[in-house]
Amino acid sequence: MKDKQPKSNTEVLEQGGLSRRNFLGASAVTGVALVGATALGSSLMTRESWAAAVKDAQQKIHVAPGELDEYYGFWSGGHQGEVRVIGVPSMRELMRIPVFNVDSATGWGITNESRHIMGESAKFLNGDCHHPHISMTDGKYDGKYLFINDKANSRVARIRLDIMKCDKMLTVPNVQAIHGLRLQKVPHTKYVFANAEFVIPHPNDGSSFDLQAENAYTMFNVIDAETMEMAFQVIVSGNLDNTDADYTGRFAAATCYNSEKAYDLGGMMRNERDWVVVFDIPAIEKAIKAGKFSTIGDSKVPVVDGREGSELTRYIPVPKNPHGCNTSSDGKYFIANGKLSPTVTMIEIAKLPDLFAGKITDPRGVVAAEVEVGLGPLHTTFDGRGNAYTTLFIDSQVVKWNMADAVRAYNGEKVNYIKQKLDVQYQPGHIHASLTETSEADGKWLVALCKFSKDRFLQVGPLHPENDQLIDISGEEMKLVHDGPTYAEPHDCILARRDQIKTKKIWDRNDPFFAPTVEMAKKDGINLTADNKVIRDGKKVRVYMTSMAPAYGITEFTVKQGDEVTVVITNIDEIEDVTHGFVMTNHGVGMEISPQQTSSVTFVADKPGLHWYYCSWFCHALHMEMVGRMLVEPA
Ligand code: RUQ
Ligand code: CUA
Ligand code: CA
């Protein structure tokens, strides 16, 4: 059998002639690749220049022990359902925030507090998150919230960045598959914009399979960011893919790949052009205020009709099946990424008021340029210096191009707007430069998220890791400086400066995260930080206890078989990081209780006998001894 594992550095170097694959395979092993496309292109780097490039890359991403990263990165966990917090440039994973999944370490999806936040949808054990975005004030991250979509179960969740926990979750009504998600940037994130991807019949009562019918449509969904309730919905022609908002606060735009309202591949590719739909947000608000809306079924959410011909929207034709939709950080353009077309379309935002006012009659009149960038453009990001970076799925490259030059070239001038094409390894999807969604895009780091890893890492069976790459864009040339495997499937990520995120080190006793539990305790006359008490309420038993390393406030309690038991624990430790856990063996429950936090979990005591409970977070030299017993008397 041939050994298919990647070769070590030295082995590859020893071979002298560095083929592209071996060369890249080698860099995967060190976790460091080097390289501008130019260097790769020549493929004849000397051992010395290669070693120098490796050293340079290592220095750039090296964050010494005890030192902190410059940026917080938030990675979507894709169909794994969580959000991961990554330090950049070290690419060290700092934390995982469970959202649309169940997490046994923290008890997310298990505790009453988390299930209360998840609401009805707590019954779902899966999710598929794509797009993490941080709330903004005046076009800059305010570090308050991070929002993320769940395509699988049509949800939008909010994470409070001070505690890095999900605190709100909304199932968007009347639609299927929330995909594209972005935030209003200016004057602040009042709204979350969320695209429902799939066209469905209305009412969707099982009487129709027909997508061409007048009553088959999807909607653009606008959520109040503070209350996390629906603000309004906008019916669109075609379907919706990705979205973004502008820097004036007036417009949001979305790509549509299924203007055909087709149900299969061939049908969805029939039209030569699909479109970008632009929403006039204040005009929609005005229409709703004036009562010009309807509702669907039992839903109270105002719905306006924004289909072609509406005063509230404009449809701008772009080459077929566009994908990413990105607002340039200078605020000038909505950029639609061609996917099937080798182009990106630059829509000039300053011309949109005239398009809405009817002074521009041909919607194509707002197109500043259709820029040829390479094969399979999916997403674009910006460095704040006038350059855009687009992932080319088919070419497996990141292309750096200059926006002003691209417009000049489109208008017939002889100018080369393509600045560089950098090979990334395998098909890239999303791409994200530091602070790129804000007016403060700082052009330092670029993350390319690749959809395959193939032979770049030690093999781990038929399911391969994905592949995240960190690219230094601070200079003239893009340089790949780090390459790391990652679990399924970071669709997208976002980078914020570390000073923009302010976290709490210890829970505040008044935190709304566990307010419903505090409310329940109040009704039971319990002082959560002091009392250790068992309260019986018919077949319901509530066990209130404190925890302080290394002991629970109650080490034994008795219930009857069939009782519904709620264990409420308040961690009265005040020392940072002394987190306790609670696991009732053989009952499927476990949870985190961090300092000054109250957590609770409910289960049925259905097995007579003695059942140990124990602390699951290592909290003390006597952590193993932090235990207790529940006695279940037979019914
Ligand atoms: S969009 S497939 Cu982020 Cu490329 Cu979800
Ligand atoms: Cu408390 Cu371990
Ligand atoms: Ca199409």
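Here, each number is a calculation from the coordinates, and none is a lab measurement. Worth saying up front: this structure is predicted, and the values here are computed from it rather than measured. Ideal geometry is used to build each Cβ from the backbone, glycine not excepted, and the neighbour counts take in all protein chains shown.
Before moving on, here are some points about what is shown:
- What the Cβ-Cβ distance of A105 and E440 gives, at R0 = 30 Å and to the nearest 0.05, is a FRET efficiency of 0.30.
- Virtual paramagnetic centre 7 Å along Cα→Cβ of E556, amide N under 20 Å, in the stretch 587-614: 605-614
- If you sort the three axes of the alpha carbon gyration tensor as a ≥ b ≥ c, you get a/c of 1.5 or more for the chain and a/b no higher than b/c, which makes it oblate.
- Close amide H contacts of D167 (hydrogens built in the peptide plane, cut-off under 5 Å, sequence separation of 5 or more or a different chain): R158, I159, R160.
- Against the main long axis of the alpha-carbon atoms of the chain, helix 20-30 sits at an angle near 30°.
- Only the Cβ atoms of Lys and Arg (+1) and of Asp and Glu (-1) were treated as charged; on that basis the dipole of the chain about its Cα centre amounts to roughly 200 debye.
- Annotation for K539 and R629: the two label points, set 7 Å from Cα along the Cα-Cβ direction, are 2.7 nm apart.
- For the chain, the relative contact order works out to 11 percent when only alpha carbon pairs closer than 8 Å and six or more residues apart are counted.
- Shape category assigned to the stretch 373-439 from the gyration tensor of Cα positions, a/c cut at 1.5: oblate
- Approximating the spin labels as points 7 Å out from Cα along Cα→Cβ, the A216-to-D508 distance works out to 5.0 nm.
- Karplus-derived HN-Hα couplings along the stretch 502-509 (A = 6.51, B = -1.76, C = 1.60, θ = phi - 60°), whole Hz, x at Gly and Pro: 10, 10, 8, 9, 9, 5, 8, 4
- Prolate/oblate/rounded call for the stretch 129-252, Cα gyration tensor, a/c under 1.5 rounded: prolate
- Paramagnetic label zone (point 7 Å from Cα along Cα-to-C-beta, F618; backbone N under 18 Å) in the stretch 105-139: 105-106
- Taking the charge dipole of the stretch 450-493 about its Cα centre, with +1 at Lys and Arg Cβ atoms and -1 at Asp and Glu Cβ atoms, the residue from L458, H491, S474 reaching farthest to the positive side is L458.
- Mean-position separation - Cα centroids, the stretch 558-624 and the stretch 495-510, in angstrom: 26
- Cβ-derived FRET efficiency at R0 25 Å, Y487 paired with T585, nearest 0.05: 0.30
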